[in-house]
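Rule-based calculations on the coordinates, nothing more; no lab input. Since this is a predicted model, take the numbers as computed values, not measurements. Note that we place each Cβ from the backbone using ideal geometry, even for glycine, and neighbour counts take in every protein chain shown.
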Amino acid sequence: MKQTTEDLSLTKTTSSIQVIDRMVALLDSIAANMANNKGAASLKFLSADTGLHTSTAFRILAALQIHGLIERDAQGAYCYGSKMREYGSRVRVGTDLRQEALPIMEQLRDATGETINLTAREGDEVVYIERALSHRMMRVEQVIGSRAPLHVTAVGKLMLAENGHQACIDYAARSGLVRYTANTLTDIEQLLHEADTALANGYAHDNEEAELGVACIGVLIRDAGNSVIGGLSISAPRERHESHWIGLLVEAGKRISQRMGYNADNPHLQQK
């Protein structure tokens with residue numbers, strides 16, 4: 001039987017499902033084009049590169065676009081879409097988060113003069129996984145690897161709030177809302193109120209709740225799937241806190257989230 005151009009272009013594949021072979025060939029071609037810094041790929045290029053007929057390539061690309069795997073730019077050329085970026089972000093690990101966050105943390109440290117912490121949630125605690133230390137003689141210093149209960153930290157309150165009232169109630173029952181200072185929230189109604197306020201504001205405070213004399217402001221960090229993957233906070237002696245830090249922190253958190261693939265304008269996220 002005579003092989004067509006399309007058949008010959010795909011002889012290197014082993015799949016018995018032809019449309020999948022063709023889809024992968026198109027995705028590989030788009031990826032190669034992007035890797036070579038050539039930007040989005042035109043339909044004409046993709047057809048020639050894969051050996052697929054233009055109409056065949058167009059139909060497959062249209063299906064991929066419906067599922068968010070690819071997108072088209074203003075000129076109609078093709079590049080990877082939000083779903084592909086989301087898949088990529090889901091295989092990232094904590095090391096990647098630290099690498100992406102640290103330059104921004106150092107900029108925030110220099111802007112505020114105070115220590116910046118990066119945390120992740122493990123069970124009912126936050127774990128400090130990176131820091132940018134203040135250059136001041138008197139500074140707050142959290143040891144990397146140290147832990148704190150969720151209800152005594154700014155980021156921890158946001159992480160609790162993210163999962164709703166019942167999650168806060170369940171946490172309170174498990175933890176007993178242990179008191180660390182006179183300011184620690186040990187009443188569930190008060191914790192729920194602060195959690196709601198923090199979630200509405202997009203940031204939270206630790207008002208000397210873990211340690212007297214030390215206060216923090218925290219925000220969440222998200223990935224492409226809108227999942228919370230960490231928290232960013234400014235820690236400083238209570239008397240040195242300044243209100244304009246909130247805007248700086250919120251912006252820094254957004255920048256780190258964007259580096260991890262988060263896109264607040266992604267319509268798929270608005271449905272969650």
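Below, the figures for the structure above:
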item: Net lengthening on full extension, Ile188/Ile144 (0.36 nm per residue, minus Cα-Cα); result: 12.9 nm
item: Helix 245-259 vs. the chain, principal-axis angle (Cα, 0 to 90°, nearest 10); result: 30
item: Percent RCO, i.e. relative contact order, over the chain, from Cα pairs under 8 Å lying at least 6 residues apart; result: 14
item: Calculated FRET efficiency for the pair Ser42/Val19, C-beta based, R₀ 22 Å, to 0.05; result: 0.50
item: Estimated translational D of the chain in µm²/s (Stokes, Kirkwood radius over Cα pairs; 25 °C; 0.890 mPa s); result: 116
item: Cα-based helix-to-principal-axis angle, 188-201 vs the chain, degrees rounded to 10; result: 50
item: Residue order, fewest to most surrounding Cβ atoms within 10 angstrom, among Leu108, Leu69; result: Leu69, Leu108
